[in-house]
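Encoded as structure tokens, the structure appears first; notes follow it.
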């Protein structure tokens, strides 16, 4: 019987397909509406195009920002529609998806205020915990973690839980031009393995999150998600010159699509 049913990744119960939800990861309200893919072949060609370079120079001389120019090139020439209605999964039953939606309401406040420390420090502890749980909850649905048995499910299911002492950690950065190739925001998911363990990635229009089962490498500057609960919370912006985990995961995914 269970072979024909789907297992909810939060409560662990089995349901018929029509009893499962169509959950967005990340939430639709934070940029997951019309997901496009970067055409890597066209992108490489554009780097060598004299016509593209001249067009960029002309627009820069006319006062346009490099962010706007690159965004126009991405939207009109390099992007291909991948998920017109947003990226979704069927990993949660309707009840669990509705339950996690309460956490997403708190995250939307964080997202709307750009995660800025001054504003977030004024949030209640309950709201901050809901933000943390919202992000942990989204990693349940990414396809790369289909077979992963996460130990933070009880932390998510208990709305009153204030502490998590498991093996998984989330680090994040706020996006800037260093994190987005030519200013093109990629909100894909990914996975990369190191000798120390596994790193999963999930992002939205403003932030890049990495879930990992080991302490992050010291060379990568990122904010621990639980730091938003602290008075000395500092938001790290950008991935720096080394690109962080994001660049490794992005390049791995892009080049795998070329094979």
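Among the residues of segment 226-236, those identified as more than 17 Å from residue 179 (Cβ to Cβ) and either crowded, with 21+ Cβ neighbours inside 10 Å or out of contact with any helix residue (DSSP H, G or I) (no Cβ under 8 Å at 6 or more places or on another chain) (or both) are 227, 228, 230, 231, 232. For residue 162, the criteria (1) within 28 Å of residue 95 (Cβ to Cβ); (2) free of Cβ contacts under 8 Å to residues at least 24 places away in the same chain; (3) exposed (fewer than 14 other Cβ atoms within 10 Å of the Cβ) hold in every case but one, which is (2). Residues of segment 239-253 that are crowded, with 18+ Cβ neighbours inside 10 Å and either assigned to a helix (DSSP H, G or I) or modelled with pLDDT of 85 or more (or both): 244, 245, 246, 249, 250, 253.
The values are calculated or read from the model by the stated rules, or taken from the named source; none is laboratory data. All values derive from a computational prediction rather than experimental measurement. All Cβ positions, even for glycine, are placed from backbone atoms using ideal geometry, and neighbour counts span all protein chains on display.
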